[in-house]
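Participant: Handing you a structure now.
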Amino acid sequence: MVPGSNALIWFRKGLRIHDNPALQYAAKDSQHLYPVFVIDPHYMKPDPTAFSPGSSRAGLNRIRFLLESLEDLDTSLKKLGSRLLVLKGEPSEIVIHCLKEWNISKLCFEFDTEPYYQALDDKVKSNASVAGIEIFSPVSHTLFNPAEIIQKNGGRPPLSYQSFIKVAGQPSWSSTPLSTSLSCLPPIGNPGNCAISEVPSINDLGYEEIDEDERTPFRGGESEALRCMKESIEDKDWVANFEKPKGDPSAFLKPATTVLSPYLKFGCLSSRYFYQCIQEVQKNVKRHTSPPVSLLGQLLWREFFYTVAFGTPNFDRMNGNRICKQIPWDNNDDLLAAWRDARTGFPWIDAIMVQLRKWGWMHHLARHCVACFLTRGDLYVHWEKGRDVFERLLVDSDWAINNGNWLWLSCSSFFYQYNRIYSPISFGKKYDPNGNYIRHFLPVLKDMPKEYIYEPWSAPLSIQTKAKCIIGIDYPKPVVSHDSASKECRRRLAEAYELNKKLNGMVNEEDLRKLR
Ligand code: FAD
C-alpha cells in the first residue's frame, strides 16, 4: 500500500471504534479515509403491508436502534476528526460507484457470514479486484473464524455444542490485547459526485414515530454498549456464578441476563472484547461456572450457531436443509396470527409476545416457551413462520442465532426430545407465582387474582367481573386445550420422526402431504 492513497471503510455490522481491525487497517497510511454506511432499501424501506410498523425485514424498534447506533458512531468518528458518510441505495452498487468516484485503493469491511452479505460482498470484491483495489475483510464479528473451524472439523460444521468446543479450543487472540482506541483518523476527501447525507431520522426514512409505550427501552450505539457491558460485569460474583438455566425469565425490572444481544448483533460491542473482560473477571475469582451455562459459555453458543449456519446450505429453511428434520407442519394462519398478536388466551405466552413487540427482547427461556408453543408444543405451526415474526420484531434479530434456535426449539435439529414440552400454564408460575410479569405486559389481567392469572378462563364469572376482565370478551379464551393439543403434537412428531428414520431424512413433499 502506497502512503498517500485513499481508503474506504464500509460499515454494516461492526458499528464501533473499539476492536475494529477493518477501521484500523483502513486508517493506516491513508491520505483520505471515507467511512461509509449505506441505507439499504431492502432493509429500511417502509412496508405499509407488514403486520407491524417497519420495513419488510425489520420492525421499527430495530430500525430505530440501528439509527441510534449510527448516530453514536458518527459522534465518535467526529471526535477522531472524521464523520460517517451515509448513502442510500443498493449497497453493492453504491460502494462500487464510490470506489471509482473517490479513487479508492484500499477497501475494508468486516467479514460477514450471512448469505445476504456474502452475495453483496462477492459482487463488490470481484469489481474491486478487477480495478486493482486492495481488499481487507477481517473476521471480527465472532470469536472464531467459522471457515477455519469447519476446515478443522473435516469440512463440515460440528453439530453439537460439545463437539464445537472440542474443535474450537481457545481463540488464538484470547490473551493478546485488542485495540480499544484510536487517537485520530485521516480526513475525508472530496465527496465528488456521491450523494452523502447525515444519519437520517425515523421520519426522514418515511416512518411515523410509534407511541413511547411501544418503543424498546434499549438505546443503540457503542457508548451505550460499553456502559451496559461494564455495568453487567461490575458484579464479579454475578459473573462468576452465572448459570443460564437458573435465570428467571419473568424478571423484567432487572433482567436475569446481560441484555447485550442487541449490541452484539450490530457489533456495537465486540464479542472478543466482551470475552476478554469476562476472562479477566474469572481470573480474579476463586471459582466460576463453566460452559455451556456460564457467561463465556453463552458467547460460545453464539459461535456454535454462527459456525453451523455458515457451513449448512439452506440453513434458514426446512427444504433442502440436510440437518433439518422434515416435518409436515400445519399452515394455520389464524393460529399463527393469534400467537403473533398475543391473542392465544394463555397469559404467559401472550405476555411474552407483548414483550417481544414492545421491547424487541425477551429472556432466553421465555423465547423457548413461545417457540415451543407455536411449533411442537401446541399449535404445530411451521418454525419458519415463527422465525419470521422473531426476525422482524427482535431488536437483537440475528440470522444465524435466530434460525439455529428455531431449529432447536421445534425439534427439527440439534435437540430431539419432543416429549419435553413447556407448559404454558405451570412453567411461568414456578418463577412468578403472583403473575407480576403478566400483569405488567397484559394490563387487562392486572386485577385477576393470582389463583387464576395463568388460567383466567377457569375463574368463576363473579371473579372475572370483579377483575374487570371477562374471558372471551376482554381477553380471549384459549385457542387450544393444552392437554389435548400437546398430546396430538407428540403423536404427530413421533410419526414424522419415524418417517425421517425410515427414509434416512430423504422425505419428499408427497410423504409430508400424507402425514398432514
Ligand atoms: P446473555 O445470557 O447475557 O448472553 C450473552 C450473549 O451470548 C448474548 O447476548 C448472545 O449474543 C449470546 N447468547 C446467549 N444465549 C445464546 C443462545 N442460546 N444462542 C446463541 N447465542 C446466545 N439471540 C440473538 O442474539 N438473536 C436472535 O435472533 C435470537 N433468536 C432466538 C430465537 C429463539 C427461538 C430462541 C430460543 C433464542 C434466540 N436467541 C437469539 C438466543 C438467546 O435467547 C439470546 O441471545 C439471549 O436471550 C439474549 O439475551 P442476553 O444478551 O441477555 O443473553
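Participant: Nearest 10 degrees, 0 to 90: what angle lies between the long axis of helix 347-359 and the longest principal axis of the chain (Cα atoms)?
Facilitator: Taking the Cα atoms of the chain, the angle to 347-359 is about 20 degrees.
Participant: How fast does segment 265-412 diffuse by Stokes-Einstein, in µm²/s, taking the Kirkwood radius from C-alpha pairs at 25 °C and 0.890 mPa s?
Facilitator: This corresponds to a translational diffusion coefficient of 148 µm²/s.
Participant: With a bin width of 10 angstrom, please list the P(r) values of segment 179-327 as percents of all Cα-Cα pairs, from the 0 bin to the one holding the largest distance.
Facilitator: P(r) for segment 179-327, in whole percents per bin: 8, 25, 27, 25, 12, 2, 0.
Participant: Using the alpha-carbon atoms, what tilt in degrees (0 to 90, nearest 10) does helix 91-101 show relative to the longest principal axis of the chain?
Facilitator: Tilt relative to the chain: about 10 degrees.
Participant: Sum up the charges of everything whose Cβ sits under 12 Å from the Cβ of LEU120, counting Lys and Arg as +1 and Asp and Glu as -1, but leave LEU120 out.
Facilitator: Computed value for this residue: -4.
Participant: Viscosity 1.002 mPa s, temperature 20 °C: Stokes-Einstein D of segment 79-205 from its Kirkwood Cα radius, in µm² per second?
Facilitator: Here the translational diffusion coefficient equals 120 µm²/s.
Participant: Moving on. Normalised by the empirical 2.2 N^0.38 Å for globular proteins, what value does the Cα Rg of segment 133-181 take?
Facilitator: On the way: Rg = 13.3 Å, N = 49, 2.2 N^0.38 = 9.7 Å.
Ratio of Rg to 2.2 N^0.38 Å for segment 133-181: 1.37.
Participant: Provide, for q = 0.11, 0.20 Å⁻¹, the log10 of I(q)/I(0) from a solvent-free Debye sum over equal Cα point scatterers in segment 262-339.
Facilitator: -0.52, -0.96
Participant: Kindly give the semi-axes, whole Å and largest first, of the ellipsoid equivalent to segment 141-242, taking each as the square root of 5 times a Cα gyration tensor eigenvalue. Don't jump to the answer; show the numbers that get you there.
Facilitator: Numbers: eigenvalues 260, 121, 79 Å².
Semi-axes, largest first: 36, 25, 20 Å.
Participant: Determine the distance separating the Cα centre of segment 1-77 from the Cα centre of segment 137-185; give it in Å without decimals.
Facilitator: 23 Å
Participant: Work from the charge dipole of segment 365-475 (Cβ charges, +1 for Lys and Arg, -1 for Asp and Glu, about the Cα centre) and give the residue of TYR475, ILE463, ASN405 farthest towards its positive end.
Facilitator: ILE463
Participant: Rounded to whole Hz and in sequence order, give me ³J(HN,Hα) for segment 480-495 from the Karplus expression 6.51 cos²θ - 1.76 cosθ + 1.60, θ = phi - 60°, writing x for Gly and Pro.
Facilitator: With coefficients 6.51, -1.76 and 1.60, one gets 9, 8, 4, 4, 6, 5, 5, 5, 5, 4, 4, 4, 5, 5, 4, 5 Hz.
Participant: Ratio of segment 421-507's C-alpha Rg to 2.2 N^0.38 Å, to two decimals?
Facilitator: Here the answer is 1.50, to two decimals.
Participant: What angle do you read, to the nearest 10 degrees and between 0 and 90, between the alpha-carbon axis of helix 60-79 and the longest principal axis of the chain?
Facilitator: Roughly 30 degrees, rounded to the nearest 10.
Participant: Mind jotting down the three principal axis lengths of segment 1-82 based on Cα atoms? Whole angstrom, largest first.
Facilitator: Result, largest extent first: 51, 21, 18 Å.
Participant: OK, next. Counting Lys and Arg as +1 and Asp and Glu as -1, each charge on the Cβ, what is the dipole of segment 126-241 about the Cα centre in debye, to the nearest 20?
Facilitator: 1060 debye
Participant: In Å and whole numbers, how far do the C-alpha atoms of the chain stretch along each principal axis, longest first?
Facilitator: Cα extents, longest axis first: 79, 55, 53 Å.
Participant: Follow-up. Within segment 115-221, report the GluC sites (Glu not before Pro) that DSSP leaves as loop and that have at most 12 other Cβ atoms within 10 Å.
Facilitator: The qualifying sites are GLU208.
Participant: May I pose another question? Could you list the GluC sites (Glu not before Pro) in segment 215-254 that lie in coil according to DSSP, counting only those with at most 16 other Cβ atoms within 10 Å of their Cβ? List each step's numbers first, then the result.
Facilitator: On the way: sites: GLU222, GLU224, GLU231, GLU234, GLU243; in loops: GLU243.
Within segment 215-254, the qualifying GluC sites (Glu not before Pro) (loop, at most 16 other Cβ atoms within 10 Å) are GLU243.
We did not get these values from a lab; they are worked out from the coordinates using the rules stated. Predicted model, so just to flag it, every value in this text is computed and none were measured. As a convention, Cβ positions derive from the backbone with ideal geometry for all residues, glycine included, and neighbour counts pool all protein chains shown.
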